[in-house]
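The values are calculated or read from the model by the stated rules, or taken from the named source; none is laboratory data. Computed from a predicted model, the values in this text were never measured in an experiment. Every residue, glycine as well, gets a Cβ built from its backbone with ideal geometry; the counts of neighbours run over all protein chains shown.
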Amino acid sequence: MPLGILPGRRARASRRRLSIVRTAALAIFAIGLSAMAGSVAYFLPAAKLAWDATGQVISIASPTPSPTSTAVSSPTPSPIYQPGAFTVLLLGSDDDSKFSPDHVLTQSMILVRVIPTTKQVIMLSIPRDLYVPFWAGGSGKIDGAYSYGQAGGAIATVEQDFGVHIDEYIWIGLLGLIKLIDAIGGIDVVTSNPVIDDYYPQDIYDPYPYDFQRVAVLAGPQHLDGIHAMQYVRSRHNDLQSDIGRSKRQQQVLLAIRQKAKQVSSTDVPSIAAALGGEIKTSMGLGRVAQLIPFAATFDNPDAITSMVMTPPLWHGGGPGGSLTPNWPEILALVRQYFP
Amino acid sequence: MIARFFLGLGLCALLLVTSFATYVYLGGRNSKVDVVAQKPTVGSPRPNAFTLPGTLYLSQNGAIYSYSFGRFHQLTIEDGWMQPSLYPDGTYMLAVHRTYNYSDVYILTRFGQRISLVVNNAGSANNSDTGSKHWSFYPRLAPDGATMWMSYDEPKVGYDVPLSIWEMPVNGRINQGRLWTNSIDYTGGDIQPIPLTTGGIMYTKYSRDDNGNLVGQLWLSMRPSPPANGLTLTTYGAEGQALTSATDDCSSPSISPDGHAIAMICTYERQDDRLEIASWDGSNIGTRRALIINQLVAQPTWAPDGSGIAFLAPAVPGGQFQLWFLPKNAYNPPPPPPTPIPTPTPGGPYHGLAPSPTPAPALVAPVIKPIQITTNAGFDATSPLAWAG
């Protein structure tokens, strides 16, 4: 037995040492737990809203064979295998009070192919007035596909008619786009021309959705807030190409949002989610969204972004109800080049 | 037991403090992308503030500001004021007062006080048709100080609302005005008139390129456009000559104080643009030179003493537009000193190999970068700058 230490005292010292270790461990655990609690409290509202908006189940109604479904017989495109590549259908709706929330039209439909290995993005805007066979049966302007079957109906129609496979979709309403752009502090856009419209719908924050207002978005580089970005992408009356012209502007704004989103950090998510609440829906799960946000920032090369708008001879006018008659062989040839 | 009680209490306090601190920490870590632009007058003057010659007038959030001696002054309230343009003698300015569905032109003192209304576009209060109202933008005075030029949305037919260049007496009425350009239908029209000393104007005309894309082109017009008639609504090309090609997509012309150079922005149909300069002989633009590339640049404006070019540009991608200045040395460097001539060897004629002079060190011109003057402002990039000497 070593001198100077009695057996009872050694046991007490050992207990005291154990107690200090336990206390320290308990304190560290408590700090970790409370930090986690603080994080949960910070992200919980966003997670709740994000949970509601993301991971939307795509339900596709059983199709009714359509007698006018000429596009279905088109040859299946040869798949282009790119590891990790995926296709997203972006849908934008006028979800103002003119429409029942369940039966809105999609004024904007953009197919987006993302190829992570080559950091390429390909965007193809589909004219909203294109006369197509619906998945659910019958034919009409393609913007009606959503109103007959929500996102599932729109996806099934595009997949059927264009021979593409869509992995995900993102739907956004009018207010959603305005709030998204405001939540990220506005965007920088080189507006292509003065966009002036004497009969622009006054349906945002207005009790009379059939009223008109005048808008004038001046030309050139500028910083746009949500309202003015919306006016820029939505106005079509003073554009000879009407819906086609604004599709080009929509792609410009999409790229500007992507540019600005590079500066967004994960701690911005609660404020953005709170701003967006209910105005955006996507089939992507939370995990997928979290994975894609930093990934999007790596797409730096503007030359790797291909923006396309369907113009004649891909369609010609004079279809039923002012619709556009598709030239399917030309359309499918174009789509097949980029979208498997 | 008492020790355990205090231990528990301490742990509870620790839990509360840590969770609260974590919450606050995360809140403070956000990227501040949605930060609101500050008024330029906040924190002005700053020590060692960069000073520009004369007084610069610019617009932010519906207010007109002046910048002189490194200090901003707010001249008007935030109420739709934009696009200031000075009288030739600098005593007054023209400015646009924009509401949500029309815009008027006013004469203001250079301190921002209203003198008179030049163009009233409100229309009749009894007429609820939105088409009865008008837009006036980009007012400019001719060197004579009596003639005003502007972009004005008349004539317009139904959905086609293009801006055209108009000329009118600044102390007169719009019905005394003359249409100078026939804008191309459904393009947005003609904007940014710059009166020339020769009596003509330079302006930006919007048209479509071969692919149907809308693009800007600088045009020169020396006389009012022949009136359009019923069949040829657009007498395209009759009112002057194009100075730049369609695919270059150029706009925002600014002529140097000596009248021999022009600055402009050109996008080449991309979502970034270039600040370019070229010589100008009164009717043609010389070879263009890009001074700033891969950055958004708006409203280039020559300093009245020719010492440089001010412009608006965001400091970060997607950011608000700040005020910048590009010194003259960046685009017009001083000539290099003469190359030293080797001193001849003293003595008689030498018939051997000539001594090769020691090579002079290569002269590397210092790279002059643009100077960022503001950091947290948010200037209106669609509002031209006015600069008094």
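If you go through the range A:320-340 and keep only what is surrounded by 15 or more Cβ atoms within 10 Å (Cβ to Cβ), over 26 Å from the mean Cα position of the chain (by Cα) and in a helix (DSSP H, G or I), you end up with just A:W328. Take the conditions within 14 Å of chain A (Cβ to nearest Cβ), in contact (Cβ under 8 Å) with a residue 12 or more places away in the chain and surrounded by 21 or more Cβ atoms within 10 Å (Cβ to Cβ) and apply them to B:V118. Does it pass? Answer is no for this residue. Given the conditions (1) surrounded by 14 or more Cβ atoms within 10 Å (Cβ to Cβ); (2) of a type in the set (S, T, Y); (3) at pLDDT below 90, which single one is not true for B:T232? The one condition B:T232 does not meet is (1). Residues in the range A:19-44 that are under 20 Å from B:V24 (Cα atoms), within 7 Å of chain B (Cβ to nearest Cβ) and not aliphatic (A, V, I, L, M): A:S34, A:G38, A:S39, A:Y42. Within the range B:369-382, residues that are part of a loop (DSSP other than H, G, I, E, B) have Cβ atoms under 8 Å from residues that are among the basic types (K, R) in these pairs: B:A377/B:K39, counting only partners at least 6 apart in sequence or on another chain. Restricting attention to the range B:166-223, the residues that are in contact with a helix residue (DSSP H, G or I) (Cβ under 6 Å, 6 or more places away or on another chain), within 17 Å of A:L218 (Cβ to Cβ) and more than 10 Å from chain A (Cβ to nearest Cβ) total 1. Within the range A:99-158, the set of residues being within 20 Å of A:W328 (Cβ to Cβ), acidic (D, E) and surrounded by fewer than 23 Cβ atoms within 10 Å (Cβ to Cβ) comprises A:D129 only.
Just one of the numbered conditions (1) buried (at least 20 other Cβ atoms within 10 Å of the Cβ); (2) modelled with pLDDT of 95 or more is not true of B:H73: (1). Of the strands (runs of 3 or more DSSP E) contained entirely in the range B:134-221, those carrying at least 2 residues that are surrounded by fewer than 24 Cβ atoms within 10 Å (Cβ to Cβ) fall at B:136-141, B:164-169, B:190-195, B:201-208, B:214-221.
Filtering the range B:99-113 to residues that are surrounded by fewer than 22 Cβ atoms within 10 Å (Cβ to Cβ) and within 30 Å of A:F212 (Cβ to Cβ) leaves B:T99, B:Y100, B:N101, B:Y102, B:D104, B:Y106. Checking the range B:135-151 against the condition returns a match, with at least one residue being within 22 Å of B:G389 (Cα to Cα) and either within 11 Å of another protein chain (Cβ to nearest Cβ) or touching a His at 6+ places or on another chain (Cβ under 9 Å) (or both). Here is a check on your reading of the model: is B:L163 at pLDDT 90 or above and within 14 Å of chain A (Cβ to nearest Cβ)? So B:L163 fits the description; yes. Take the residues in the range A:76-98 that are aliphatic (A, V, I, L, M) and at pLDDT 85 or above, then tell me which one is surrounded by the most Cβ atoms within 10 Å (Cβ to Cβ). Selected residue: A:L91.
Against the criterion of being within 14 Å of another protein chain (Cβ to nearest Cβ), modelled with pLDDT of 80 or more and exposed (fewer than 13 other Cβ atoms within 10 Å of the Cβ), B:A3 does not qualify.
Only one entry of B:P304, B:P340 meets the criterion of being assigned to a loop (DSSP other than H, G, I, E, B), modelled with pLDDT of 95 or more, at negative phi and in contact with a Pro (Cβ under 8 Å, 6 or more places away or on another chain), and that entry is B:P304.
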